[in-house]
There are 2 protein chains.
Amino acid sequence: MKVVNYKDVLPVVMSNETVKNVAGRVMIGKQDGAKNFCMRVFEMGKNGYTPRHTHDWEHEVFVHTGTGEVLIEDHWHPLSEGSAIFIPANIEHQFKNTSDKTFTFVCLIPSGAPEL
Amino acid sequence: MKVVNYKDVLPVVMSNETVKNVAGRVMIGKQDGAKNFCMRVFEMGKNGYTPRHTHDWEHEVFVHTGTGEVLIEDHWHPLSEGSAIFIPANIEHQFKNTSDKTFTFVCLIPSGAPEL
């Protein structure tokens, strides 16, 4: 079992040509004995975005703070606190922050996919 | 794919001798094509609690609003916004609200378990 606040976990900062101003944390994963799916938390600063990509596993996402948008195939959807997003496998997607406030979301993936 | 805010989904209100003042929603499940795991959102009012029980599937939980406590085996752990909780299969557990504010959490379960 595990009880931990994401603010108490050191993040992995991601910034390169495909991802900007993103900090990620594995909150619950293989190391904790979670065999079926993995919980990550991502924080995105101003003008931040994740890669525009596709892969053969799904995402289940919940927006905790801030506002953003998600691209799913060719359409951008507005997101706010409390939004839930299902992105099936093999669908192109990208997340971006649309305000000055930190955009924080929980993103779950099935076991077997890279945890971060 | 699916993009929806939990506030726009009608909840199932739960109140009987084992659960008090809880409203639950399936946000992402079998009906959406989610094959591996299921996302639910629970809101708990003042003095609310979930059943004290055990079952043969795990929980991965993220606290969105409010404060509460979770019993895992014989110990109560304080929870606040941003807490992540992993409860393995077959471990006794219970959630309760500890303030006047709505305690809202996301709770994920593997496919095959009852969605709500």
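The calculated FRET efficiency for the pair residue B:15 and residue A:111, based on their C-beta separation and a Förster distance of 35 Å, comes to about 0.50. Computed from Cα atoms alone, the Kirkwood hydrodynamic radius reported for the stretch B:1-112 is 14.3 Å. The trypsin sites (Lys or Arg not before Pro) of the stretch A:31-90 that DSSP puts in a loop, and whose beta carbon has at most 14 other beta carbons within 10 Å, are A:35, A:52. Each Cα pair under 8 Å and six or more residues apart adds its separation to the average, and for chain A the resulting relative contact order is 30 percent.
Both radii were evaluated on the Cα set of the protein assembly as shown; the Rg over Rh quotient, with Rh as the Kirkwood radius, amounts to 0.95. Inter-label distance, residue B:8 to residue A:67: 1.4 nm, where each label sits 7 Å from its Cα along the C-beta direction. The dipole here belongs to the stretch B:5-116: it is taken about the Cα centre, uses +1 on the Cβ of Lys and Arg and -1 on the Cβ of Asp and Glu, and is about 360 debye.
Each of A:89, A:114, A:76 was placed along the dipole of the stretch A:34-116 (beta-carbon charges, centred on the mean Cα), and the one lying farthest toward the positive end is A:114.
Database remark: amide H of residue B:77 closer than 5 angstrom to the amide H of B:70, B:71, B:72 (H placed geometrically; neighbours at sequence offset of 5 or more, or on other chains; Pro and chain starts carry no H).
For peptide B:49-58, the mean count of partner chain Cβ atoms within 10 Å of a residue's Cβ comes to 1. Neighbour counting of Cβ atoms within 10 Å sorts the residues B:4, A:61, A:9, fewest neighbours leading, into A:9, B:4, A:61.
Residues A:115, B:58, B:92 in ascending order of nearby Cβ atoms (within 10 Å, fewest first): B:92, A:115, B:58.
Of the residues A:64, A:93, the one with the fewest other Cβ atoms within 10 Å heads the list, and the complete ranking is A:93, A:64. Measuring from the axis that maps chain B onto chain A, the chain B residue with the nearest beta carbon and its rounded distance in angstrom come out as B:37, 2.
Readers should treat all values here as calculations from the given coordinates under stated rules, not as data from a laboratory. Bear in mind that the values here come from a model prediction, so they are computed numbers and not experimental data. Cβ sites come from the backbone with ideal geometry, for glycine too, and all protein chains shown count toward neighbours.
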